[in-house]
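First the structure, in the form of structure tokens, and then the observations on it.
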Amino acid sequence: MSMIFRSLFVIAAVAAVAGVGTYALWTSQASVTGNTFSTGTMNLYIDADQAGSGFDWQPTVTGIALPDYLYPGYRGEQILDLRNKGSVNGNVTFDINRTSNYNELSSNLKFDVYYNTHVANASNVWGGRAIVGKTLSELITLAPTVLGNLPPTGEGSFDATTDTIGSVKVVWYVDTSAGNEIQGDQATFDVVFGLSQ
């Protein structure tokens, strides 16, 4: 039995010597420190200078120029420029929220909405319509409509020769078949643009 223990001891000793012979006494490591993940931003602004003499980027614009009176067959339009002052792309959405004066005009006032991105000082070529022939009544009940992508320009100064903006053309018209029921009516609402991922 002692022979077995001696044999086991010799085997363990040889294994220990072999282990020490293959064990490296030097080690090394490398690290990557200070890792930070940051989220980007989206920050939507509207050009308050609708006269077209420059750009005045504001988060809210009140009262665009509208005609005094509408009538059957009337057609008007307004172009609104949008800027993403954030750091990541976003999808522009269009929504209409009812505020007051909801009546027969709401069922006879129709909208087409176009969207395009372009360098601010470059000429704009309108693409397809994102919204076609929807009445005010229909638009109020719909979820926000995605118009298209808007790349970021950043929070810094705006360069109209290189920065990309989004232009929205809103066309409104009164159905030619509208009758006397719309005489004297008003429809009051907010247009809300959004940016989403």
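Could you look through the stretch 75-91, keep only residues that are hydrophobic (A, V, I, L, M, F, W, C) and part of a strand (DSSP E or B), and pick out the one that is surrounded by the fewest Cβ atoms within 10 Å (Cβ to Cβ)? Out of the qualifying residues, it is ILE79.
Has the stretch 72-80 got any residue that is touching a residue at least 12 places away in the same chain (Cβ under 8 Å) and within 20 Å of the chain's Cα centre (by Cα)? Taking every residue of the stretch 72-80 in turn, at least one turns out to be touching a residue at least 12 places away in the same chain (Cβ under 8 Å) and within 20 Å of the chain's Cα centre (by Cα). Restricting attention to the stretch 97-125 and to residues that are touching a residue at least 40 places away in the same chain (Cβ under 8 Å), in a loop (DSSP other than H, G, I, E, B) and within 25 Å of the chain's Cα centre (by Cα), the residue that is nearest to TYR173 (Cα to Cα) turns out to be ASN124. Scanning the stretch 152-197 for residues being out of contact with any helix residue (DSSP H, G or I) (no Cβ under 8 Å at 6 or more places or on another chain), surrounded by 15 or more Cβ atoms within 10 Å (Cβ to Cβ) and not hydroxyl-bearing (Ser, Thr, Tyr) gives a total of 14. If you go through the stretch 111-129 and keep only what is closer than 24 Å to ASP95 by Cβ and out of contact with any helix residue (DSSP H, G or I) (no Cβ under 8 Å at 6 or more places or on another chain), you end up with ASP112, VAL113, TYR114, TYR115, ASN116, THR117, HIS118, ASN124, TRP126, GLY127, GLY128, ARG129.
Among the candidates PHE55, PHE94, single out the residue that is in a loop (DSSP other than H, G, I, E, B) and among the aromatic types (Phe, Trp, Tyr). After ruling out the rest, the residue left standing is PHE55. If PRO67 passes every condition in (1) surrounded by fewer than 18 Cβ atoms within 10 Å (Cβ to Cβ); (2) modelled with pLDDT of 90 or more but one, which one does it miss? With (1) surrounded by fewer than 18 Cβ atoms within 10 Å (Cβ to Cβ); (2) modelled with pLDDT of 90 or more applied to PRO67, the lone miss is (2).
I need the full set of residues from the stretch 97-111 which are under 19 Å from THR145 (Cβ atoms), surrounded by 16 or more Cβ atoms within 10 Å (Cβ to Cβ) and not small (Gly, Ala, Ser), in order please. If the condition is that a residue be under 19 Å from THR145 (Cβ atoms), surrounded by 16 or more Cβ atoms within 10 Å (Cβ to Cβ) and not small (Gly, Ala, Ser), then ARG98, LEU109, LYS110, PHE111 are the ones that fit.
Can you tell me which residue within the stretch 135-151, out of those that are outside any strand (DSSP E or B) and over 19 Å from the mean Cα position of the chain (by Cα), is surrounded by the most Cβ atoms within 10 Å (Cβ to Cβ)? Among those that are outside any strand (DSSP E or B) and over 19 Å from the mean Cα position of the chain (by Cα), it is LEU139. Look at the stretch 47-97 and say how many of its residues are touching a strand residue (DSSP E or B) at 6+ places or on another chain (Cβ under 8 Å) and more than 30 Å from GLY184 (Cα to Cα). Total satisfying the criteria: 19.
The values are calculated or read from the model by the stated rules, or taken from the named source; none is laboratory data. Quick caveat, the model's predicted, so the values are computed rather than measured. Counting neighbours? That spans all protein chains shown, and the Cβs are built from the backbone with ideal geometry, glycine included.
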